[in-house]
1. With the structure loaded, tell me whether T124 is on the phi < 0 side of the Ramachandran plot, open to solvent by 50 Å² or more (accessible area, probe 1.4 Å) and at pLDDT 95 or above or whether it fails that test.
2. State which residue is farthest from K132 (Cα to Cα) when the search covers only the range 1-15 and only residues that are among the aliphatic types (A, V, I, L, M) and open to solvent by 50 Å² or more (accessible area, probe 1.4 Å).
3. Return yes when Y99 is within 17 Å of H162 (Cβ to Cβ), more than 17 Å from the chain's Cα centre (by Cα), open to solvent by 10 Å² or more (accessible area, probe 1.4 Å) and aromatic (F, W, Y) and no when it is not.
4. State all residues of the range 52-84 that are in contact with a Lys or Arg (Cβ under 9 Å, 6 or more places away or on another chain) and either farther than 20 Å from A35 by Cα or at pLDDT below 95 (or both); if no residue qualifies, say none.
5. Exactly one condition in (1) out of contact with any Phe, Trp or Tyr (no Cβ under 7 Å at 6 or more places or on another chain); (2) of a type in the set (A, V, I, L, M); (3) open to solvent by 20 Å² or more (accessible area, probe 1.4 Å) is not met by I110; state its number.
6. If I go through the range 56-80 residue by residue, how many of them are under 17 Å from H122 (Cβ atoms), over 11 Å from the mean Cα position of the chain (by Cα) and surrounded by fewer than 18 Cβ atoms within 10 Å (Cβ to Cβ)?
7. Can you tell me which residues in the range 129-151 are open to solvent by less than 30 Å² (accessible area, probe 1.4 Å) and out of contact with any Leu (no Cβ under 9 Å at 6 or more places or on another chain)?
8. With respect to A56, is the statement that it is closer than 30 Å to K139 by Cα and among the hydrophobic types (A, V, I, L, M, F, W, C) true?
Amino acid sequence: MRIEQVQAGEYGDFYAPYLAQVDPQYSLVEELEIALHRFIHFVREIPMDKFDYRYAEGKWTIKEIIQHIIDAERVFAYRAMRIARHDQTPLPGFDENDYVAASNGNERSIQDLLTEFSTLRHATIYMFKSFKPEYFERKGMASKHPITVRALGFIIIGHQNHHHKVFQQRYL
């Protein structure tokens with residue numbers, strides 16, 4: 001399954017910018033794997049003195065953003081699992097600023113953050129690999145909007161790619 005199979009009614013409009021950042025030449029699982037390695041390689045090349053840098057007051061550090069990517073992937077993957085299992089309970093949104101404030105991301109080493117990210121991504125990949133093809137079209141409600149399992153998988157990738165670009169444009 002590729003990104004162009006995802007239709008506009010399968011996600012809230014606020015996710016469109018993330019989905020636009022997914023490479024159409026790869027399948028969902030391929031891009032989850034490629035994005036993992038691309039991101040870890042990129043982060044390892046960032047100078048150590050940049051990990052605690054904020055480009056403006058009130059903005060997150062690189063460490064906090066990596067923790068945010070981890071937290072968001074957990075939320076999106078959990079939503080995908082619940083919807084894939086036919087759970088039709090509406091799933092609440094989450095306040096990313098509250099999560100970052102409580103994350104202690106700045107107190108962690110970059111290696112710990114990357115190890116957690118890699119471990120989580122591998123779990124996400126195995127979860128999506130376990131789904132039967134028909135699971136990807138299952139739809140539920142999250143953050144008061146309809147969303148499909150496949151849209152959630154691509155949102156994970158697009159969200160990571162979004163922050164990768166933010167690093168390049170505003171932090172380095």
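1. no
2. By that ranking, first place goes to A8.
3. When the stated conditions are applied, Y99 does not pass them.
4. Hits for the range 52-84 are D52, Y55, A56, K59, W60, T61, I83, A84.
5. Condition (1) is where I110 drops out.
6. 1
7. Residues satisfying the conditions are F131, T148, V149.
8. no
The values are calculated or read from the model by the stated rules, or taken from the named source; none is laboratory data. All figures in this text were calculated on a predicted structure; none of them were measured in a lab. Here the Cβ is made from the backbone with ideal geometry for all residues, glycine too, and neighbour counts use every protein chain on show. Ligands, DNA and RNA are excluded from the accessible area calculation, which covers all protein heavy atoms including side chains. Shrake-Rupley method; radii C 1.70, N 1.55, O 1.52, S 1.80 Å.
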